[in-house]
Amino acid sequence: MSGIPFQPQDKLGRFMLPQAPEGAGYYVYGNVGGVPGTGHLAQYAHANFLSVIFRIEHEWQAIEERKFGIGNISLAGGRKYEHLGHQKGIEMDFRPIRKDRLTGQAARVSRFDAIYDRDATIKLVRLFLQRPLVVKIFFNDDQVQHICGSRVQYSKDHDDHLHVEIRERP
Ligand SMILES: [Zn+2]
């Protein structure tokens, strides 16, 4: 794992996502306001997933100056929490793209908001779908589903974030 030598690792061998390094194409968000087990503590990812994230981050930066927001992945050790799934480090939530450059906790945006940028969100979804490990994405904008194809699917409450799942191994 030469690219991420200093990242905290849990007992399942998952790595904590680097917390929004300066100049990265993403920022991190989570319920950091004193809620146990959320925020950076819920950003442990399978090494294969980290590779996917880094690749997409790189490709995104080549075409976009805005950052995309990464939320829950998994808790250290695969501990169960109120978030369904999200135990194996192969599922991740991320935010739709906004028309402005706001980042951080307050940058929440839903597909119903005027500030929501569908075209840019589609660009980002396509970068994910180009990765062979990506199994599916939940997001409820039916136009995004229509344009991006059957791997983008409806799932209850996925209006203000997208949920992507990868295969654990190629
Ligand atoms: Zn999710």
Please compute the contact order of the chain in relative form: average sequence separation of alpha-carbon pairs under 8 Å and at least six residues apart, divided by the residue count, as a percent. 19
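Identify the GluC sites (Glu not before Pro) of segment 39-112 meeting these criteria: DSSP loop state and at most 16 other C-beta atoms within 10 Å of the C-beta.
Hits after loop and neighbour filter: 64, 65, 82.
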Mean-square fluctuation maximum in Gaussian network of the chain, Cα pairs under 10 Å, restricted to 159, 119, 141, hits 119
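Which order do the peptides 50-56, 69-75 take when ranked by the mean count of other beta-carbon atoms within 10 Å per residue, highest first?
Details: 50-56: 19.4, 69-75: 24.9.
Averaged packing, sorted descending, gives the order 69-75, 50-56.
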Between 47, 128, 139, whose Cα lies farthest towards the positive end of the dipole of the chain when Lys and Arg beta carbons carry +1 and Asp and Glu beta carbons carry -1, centred on the Cα centre? 47
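So for the chain: antiparallel DSSP bridges make up what percent, rounded to the nearest 5?
On the way: 13 of 18 bridges.
Antiparallel bridges: around 70 percent, rounded to the nearest 5.
With the Cα gyration tensor of the chain giving a ≥ b ≥ c as the square roots of its eigenvalues, does the rule (a/c under 1.5 for rounded; else a/b larger than b/c for prolate; else oblate) give rounded, prolate or oblate? Walk me through the intermediate numbers first.
Numbers: a/c = 1.37, a/b = 1.34, b/c = 1.03.
Rounded, because the longest to shortest axis ratio a/c is under 1.5.
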Which of the lysines could a cross-linker bridge to residue 88, judged by Cα under 26 Å and excluding same-chain residues fewer than eight apart? 11, 67, 80, 136, 156
Treating only the Cβ of Lys, Arg, Asp and Glu as charged (+1, +1, -1, -1), what charge dipole size does the chain show about its Cα centre? Round to the nearest 20 debye. 400
Where is the GNM fluctuation largest for the chain (alpha-carbon springs, 10 angstrom cutoff): 18, 132, 96? 132
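Taken together, the values in this text are just the output of simple stated rules run on the coordinates, not laboratory data. These numbers were taken from a predicted model, which means no experiment stands behind them. A quick note on method: Cβ atoms are made from the backbone with ideal geometry, for glycine too, and the neighbour counts reach across all protein chains shown.
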